[in-house]
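Following: one structure in structure tokens, then a few remarks.
The values are calculated or read from the model by the stated rules, or taken from the named source; none is laboratory data. Keep in mind the model is a prediction, meaning the values are calculated, not measured. Cβ sites come from the backbone with ideal geometry, for glycine too, and all protein chains shown count toward neighbours.
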């Protein structure tokens, strides 16, 4: 059976002005970092959400559209439905250092990955970018894992001034061929894909697309020939180099392609 | 013994094997349709195309409930202007594989079915499938066209007047007499029948909140739970009309495909089975068909097709 499992919001934590973390009364012990759930707010909508922690299920959501706004208005005890976990997550390479790069609200799922990497004693570097200091997410959580994140902000209010890519370029020679694990806005992923190619790094990138079914039959999330819900959401550098629409087009609810901003 | 020949001819169009990707499943982007063909489909059908783009309903729109799927997507599609481009691109990739493309069309007036038929014909799909049987838009359009033999025939005539491409009509199992409707469609000039669209509509509640889970409330039931009904519909139609039938409804393996062939199907539509078996399901169904044919010493589908009508 794959009907939504009904659960309640246990806790709500404010992260920044427009970002909140929701902890649910539900454990998904089989979930892997990078996988997602379809989160159903009855009467509103159902959207794919990256898993920031599996047990208890934790997600971090930025207020962007009608669904996330309704979710932000929900209070503790509110009932929601969860389908999943779905999709292919990150696959941690045990033999190589990990370089985790996150931007904006793409950071929380990398925390789940960082925890797994640290558990397996994989040398881990985390680099986080945001517009300004107040929008850097999950810093304390990474620190609690014993990982001190490298920080970049557009306005220089925390860490280095500039993008997380600028930060990486300045340190490119420091890394002995790590694997790149990335989650964030698509323009950042495009730049990271290029960075990985320039420096000969294998990469895994968490990609976002409009989803309906979440399990590979409606075709709504098609990125070239890939189904982001099933082949992804984490796709390899090779897969993305072959995808012409990556960084260029996403689909709306009708399936029409719109430019990626 | 030579490997059995699975090729078949549907309304004059050659299919390398009888498995057809059903409308509404994966049929949006040309790259994915080509991938489905590479995975082994004998033909691919686009999502139902309307004149204007449609958002469809809010999520959830598709669920697996234990016996199959239930869906009320609301015929979301980017509109004919975009889909003509997808069909052209898909045909380019499908041609080397010898896999034909079926364009599914949907309109809310008889007249618009004609306009759409003319419009999609510009992209030269191998076949056009008329979707008059979606169970989820009744409240928008009073009643599905496939509920009425006269209206179904009118739609077929309008489409035939606007295209030279062979036309399939997709019928609904949710009628009192599907045979009468199939007969009316064929008399009006339909070249073939796709039988059947999803069953119902059905209803699934979340018992904690008491709300229907699908945002639309009710939805079409598909998958294994509806297969015996689809088999009976296909048998009844094949007994009554001479037009070829694409048997659709819960086929998930070679056994199910054989069953549809035994009651007279020319090809088998594959939809919900993609949920259970992924894109590889087309190859698995073909392998099952081949195995059955070898065990019975059949070299071609015609040797057992319709044996049980």
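Quick rundown of the values:
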| read-out | value |
| --- | --- |
| In segment A:202-221, the residues that are within 14 Å of another protein chain (Cβ to nearest Cβ) and in contact with a helix residue (DSSP H, G or I) (Cβ under 9 Å, 6 or more places away or on another chain) | A:213, A:215, A:216, A:217, A:219 |
| Residue B:287 surrounded by 17 or more Cβ atoms within 10 Å (Cβ to Cβ) and either in contact with a strand residue (DSSP E or B) (Cβ under 7 Å, 6 or more places away or on another chain) or farther than 22 Å from residue B:167 by Cα (or both) | no |
| Residue A:250 under 23 Å from residue A:38 (Cα atoms), within 14 Å of chain B (Cβ to nearest Cβ), out of contact with any helix residue (DSSP H, G or I) (no Cβ under 6 Å at 6 or more places or on another chain) and surrounded by fewer than 22 Cβ atoms within 10 Å (Cβ to Cβ) | yes |
| Yes/no for residue A:224 being at positive phi, crowded, with 17+ Cβ neighbours inside 10 Å and within 14 Å of chain B (Cβ to nearest Cβ) | yes |
| The listed residue being in contact with a strand residue (DSSP E or B) (Cβ under 8 Å, 6 or more places away or on another chain), over 30 Å from residue A:200 (Cβ atoms) and not in a strand (DSSP E or B), out of A:43, A:81, A:34 | A:43 |
| Matching residues in segment A:68-87 - criterion: being under 16 Å from the mean Cα position of the chain (by Cα) and either more than 14 Å from every other protein chain (Cβ to nearest Cβ) or within 17 Å of residue A:179 (Cα to Cα) (or both) | A:85 |
| Complete set of residues in segment A:47-56 that are within 14 Å of another protein chain (Cβ to nearest Cβ) and in contact (Cβ under 8 Å) with a residue 40 or more places away in the chain | A:47, A:48 |
| Every residue from segment A:227-247 that is within 12 Å of chain B (Cβ to nearest Cβ), touching a residue at least 12 places away in the same chain (Cβ under 8 Å) and surrounded by 23 or more Cβ atoms within 10 Å (Cβ to Cβ) | A:228, A:229 |
| Residues satisfying the stated conditions in segment A:93-114, i.e. without any contact (Cβ under 8 Å) to a residue 40 or more places away in the chain and surrounded by 16 or more Cβ atoms within 10 Å (Cβ to Cβ) | A:114 |
| Candidate set: segment B:161-184, residues that are part of a helix (DSSP H, G or I) and in contact (Cβ under 8 Å) with a residue 40 or more places away in the chain; chosen: the one farthest from residue B:215 (Cα to Cα) | B:161 |
| All positions within segment A:172-193 that are farther than 16 Å from residue A:110 by Cα and either modelled with pLDDT of 95 or more or exposed (fewer than 14 other Cβ atoms within 10 Å of the Cβ) (or both) | A:172, A:173, A:174, A:176, A:177, A:187, A:190, A:191, A:193 |
| Selection count, segment B:182-205, where residues are within 14 Å of another protein chain (Cβ to nearest Cβ) and either closer than 17 Å to residue B:133 by Cα or in contact with a helix residue (DSSP H, G or I) (Cβ under 7 Å, 6 or more places away or on another chain) (or both) | 2 |
| Test for residue A:11: is it part of a strand (DSSP E or B), surrounded by fewer than 15 Cβ atoms within 10 Å (Cβ to Cβ) and in contact (Cβ under 8 Å) with a residue 60 or more places away in the chain | yes |
| Output for segment B:113-148, where each listed residue is under 25 Å from residue B:58 (Cβ atoms) and at pLDDT 95 or above | B:131 |
| Number of positions in segment A:57-74 that are touching a strand residue (DSSP E or B) at 6+ places or on another chain (Cβ under 7 Å), touching a residue at least 40 places away in the same chain (Cβ under 8 Å) and not in a strand (DSSP E or B) | 3 |
| Segments classed as helices (runs of 4 or more DSSP H), wholly inside segment B:10-126, with at least 2 members that are surrounded by 24 or more Cβ atoms within 10 Å (Cβ to Cβ) and at the interface with chain A (Cβ under 10 Å from one of its Cβ atoms) | B:30-38, B:80-94 |
